[in-house]
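Working notes for the structure below.
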Amino acid sequence: MSENCNQDCNTCSDDCAERKEKPIDFSIKPHELSSIKKVIGIVSGKGGVGKSLVTSMLAVTMNRRGHNTAILDADVTGPSTKPLE
């Protein structure tokens, strides 16, 4: 803590230990019966940047390496990933 501290961090420019915030952990513990090991999100706010291509190629590559894969296209307005038939 700075020797000139007035306990109002909003007006202070010092980088003291009290000012550092701990990172928030947004991960949740999976269900105890779940066998899912990893979830990879491919996201972008802009369309046409290759999200579906990257997603498809990543799933194919991981499947060829022996991993079980699944794709969830959460674009409810216009999903471009076709379902398996």
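The values are calculated or read from the model by the stated rules, or taken from the named source; none is laboratory data. A quick note: this is a predicted structure, and the numbers were derived from the prediction, not measured. In this analysis, Cβ positions are derived from the backbone assuming ideal geometry, glycine residues included, and neighbour counts consider all displayed protein chains.
In table form, for the structure just shown:
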| read-out | value |
| --- | --- |
| Residue within region 73-81 that is surrounded by 10 or more Cβ atoms within 10 Å (Cβ to Cβ), in a loop (DSSP other than H, G, I, E, B) and modelled with pLDDT of 85 or more present | no |
| Those residues of region 52-72 which are part of a helix (DSSP H, G or I) and modelled with pLDDT of 90 or more, in sequence order | 53, 54, 55, 56, 57, 58, 59, 60, 61, 62, 63, 64 |
| Residue under evaluation residue 37, criteria (1) in a loop (DSSP other than H, G, I, E, B); (2) of a type outside the set (Asp, Glu); (3) surrounded by 10 or more Cβ atoms within 10 Å (Cβ to Cβ); (4) modelled with pLDDT of 70 or more, criterion not met | (3) |
| Residue check for residue 84: at pLDDT 90 or above, surrounded by fewer than 10 Cβ atoms within 10 Å (Cβ to Cβ) and not acidic (Asp, Glu) | no |
